[in-house]
Amino acid sequence: MTGPEPSVPPLPEGRFVGRQAFVGLVRQAIECAAREGWSSLWLSDADFADWPLGERAVVEAFNAWAGRGRQLRLLAQDYGPVRLQHPRFVQWRTTWAHLVEAQVWPSAAAGEIPSAIWSPGWSLERLDPLRCAGVSSLDSVRRVALRERLDAAWHRGGPGFAASVLGL
């Protein structure tokens, strides 16, 4: 006989400060996306250099999340650091290319690309990427405003971070 599954706390809300807090929230968000089966997920940052995308546990959570009807949108100014620092994630992106859309906006000014995670029910935004300070929220008004900024930035960019690199 098995007992009830331990309850998983909901994603936190409120302000956060520091890289450790930010990285922890990113991990929690991807795990929650997998656990709850979020259909849509946006990750946005200038270069994702200080995100934990390449960590084994994060990639395993992405694997658990990936499936029919899922969509991941990635938006960055430069994907170079992703390719260099997060090879596991790059491989995951190649495997699940049909679920991933990626845009690059190389001419964006500092701060024009939000450093954020957006989902239909929760969002996280680093308001000060240098200090890793920001806010996570379930608030629909905040989520809608973030999504509008993400959409605007998305349309200023173009396709980037290809799943494979073709050579001649």
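Any read-out appearing in this document is the output of simple, stated calculations on the displayed coordinates, not a laboratory observation. This is a predicted model, so every value here is computed, not measured. Every residue, glycine as well, gets a Cβ built from its backbone with ideal geometry; the counts of neighbours run over all protein chains shown.
Does any residue of the range 94-108 turn out to be of a type in the set (D, E, K, R) and within 24 Å of Arg19 (Cβ to Cβ)? Taking every residue of the range 94-108 in turn, none turns out to be of a type in the set (D, E, K, R) and within 24 Å of Arg19 (Cβ to Cβ). The residue of the range 38-54 that is farthest from Arg143 (Cα to Cα), among those that are among the aliphatic types (A, V, I, L, M) and surrounded by 18 or more Cβ atoms within 10 Å (Cβ to Cβ), is Leu53.
Out of Arg147, Arg126, Arg93, report the one residue that is within 15 Å of the chain's Cα centre (by Cα), part of a strand (DSSP E or B) and not aromatic (Phe, Trp, Tyr). Can you show your working first?
Values: Arg147 fails: part of a strand (DSSP E or B); Arg93 fails: part of a strand (DSSP E or B).
Criteria check complete, one pass: Arg126.
Taking the range 137-161 as the range and being hydrophobic (A, V, I, L, M, F, W, C) and surrounded by 13 or more Cβ atoms within 10 Å (Cβ to Cβ) as the test, the residues that pass are Leu138, Ala145, Leu146, Leu150, Ala153, Trp154, Phe161. Within the range 72-94, if we keep just the residues that are aliphatic (A, V, I, L, M), free of Cβ contacts under 8 Å to residues at least 60 places away in the same chain and surrounded by 15 or more Cβ atoms within 10 Å (Cβ to Cβ), the residue that is farthest from Trp51 (Cα to Cα) turns out to be Leu72.
Does at least one position in the range 42-59 carry a residue that is among the charged types (D, E, K, R) and without any contact (Cβ under 8 Å) to a residue 24 or more places away in the chain? No: zero hits. All conditions but one from (1) surrounded by 13 or more Cβ atoms within 10 Å (Cβ to Cβ); (2) not in a strand (DSSP E or B) apply to Gly134; the one that does not is (2). Restricting attention to the range 64-84, the residues being farther than 23 Å from Gly160 by Cβ and touching a helix residue (DSSP H, G or I) at 6+ places or on another chain (Cβ under 7 Å) number 1.
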